[in-house]
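Trainee: I'd like to ask some things about the structure below.
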Amino acid sequence: MKLKGNIGVFIAISAILTILFELIALNREYIRPAARDTGFLYTLSGCFPSFITAYLISLIAVSIALIKKLQNGRRMVYIVSIWIFAMLTIDEFFTGWGASKYFDKLDILASALGSLLAIITYEIALRIQRNKNPGS
C-alpha cells in the first residue's frame, strides 16, 4: 500500500470530519440559542445535527473506500449512505428511543441531504484521485 498517495486523502477527510464535529458544538452552544427568535435560521439549526450525523458517518465509508482504493468502493459508499439514512429515518419515527426526541420531517430531509452529500463527496474525490493517478 502506498502511504504517500493516501496521506493526502487521509488528511483531507480528517480535516473535514474535525471541522464538522466542531460545527456541531458551535451550533449547539451559540447558533441555536442565538437563533431562537428567528424562524428559518432556528429551523435550520435544529436540522443541522441530523445533516451532520448522516454526513459524518457516511464519510467514514468514503474515507475507507478512497484510502484502500476498494474495487467495490462505490457500492460500499452508496449502501452505507443509504443504510445511515434509513437508520436515522427510523430513529425519527421512534422518538425517545434513540437520539431523536421529537418527530420532524425536516430532520429526515436533512439526513437525506447529508447522505447524498457524502456520496457526492466520494464521487468528486474519486475523480480527483483518478486524475492524479490515471493508471490506477
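Trainee: Report D for the chain in µm² per second (integer): Stokes-Einstein, Kirkwood Rh on Cα pairs, 25 °C, 0.890 mPa s.
Mentor: Roughly 153 µm²/s, to the nearest whole number.
Trainee: Taking the Cα centre of the chain as the origin and placing charges on Cβ (Lys, Arg +1; Asp, Glu -1), which of I19, L70, I31 is farthest toward the positive end of the dipole?
Mentor: After comparing all options, I get L70.
Trainee: With springs only between Cα atoms under 10 Å apart, run a GNM on the chain and tell me which of I108, I120, I84 wobbles the most.
Mentor: Looking only at I108, I120, I84, the biggest GNM fluctuation is shown by I120.
Trainee: How high is the relative contact order of the chain, in percent, with contacts defined as C-alpha pairs under 8 Å that are six or more residues apart?
Mentor: After rounding, I find 26 percent.
Trainee: On to the next question. Go ahead and set up a Gaussian network model of the chain, Cα springs under 10 Å, then flag whichever of D104, D91, D37 fluctuates most.
Mentor: Among D104, D91, D37, the largest mean-square fluctuation in the Gaussian network model of the chain belongs to D37.
Trainee: Divide by every residue of the chain the summed helix terms, -39500 (n - 2.57) for each DSSP H run of at least 4, and state the resulting mean residue ellipticity at 222 nm, rounded to the nearest 500 deg cm²/dmol.
Mentor: The per-residue figure over the chain is -27000 deg cm²/dmol.
Trainee: Round to the nearest 10 and give me the degree value, 0 to 90, for the angle of helix 73-93's Cα axis relative to the longest principal axis of the chain.
Mentor: Relative to the chain, helix 73-93 is tipped by roughly 10 degrees.
Quick note: the coordinates plus some simple rules give every number you see, no bench work behind them. Because the structure is predicted, anything quoted here is derived from the model rather than measured. No Cβ is skipped: glycine too gets one built from the backbone with ideal geometry, and neighbour counts run over all protein chains shown.
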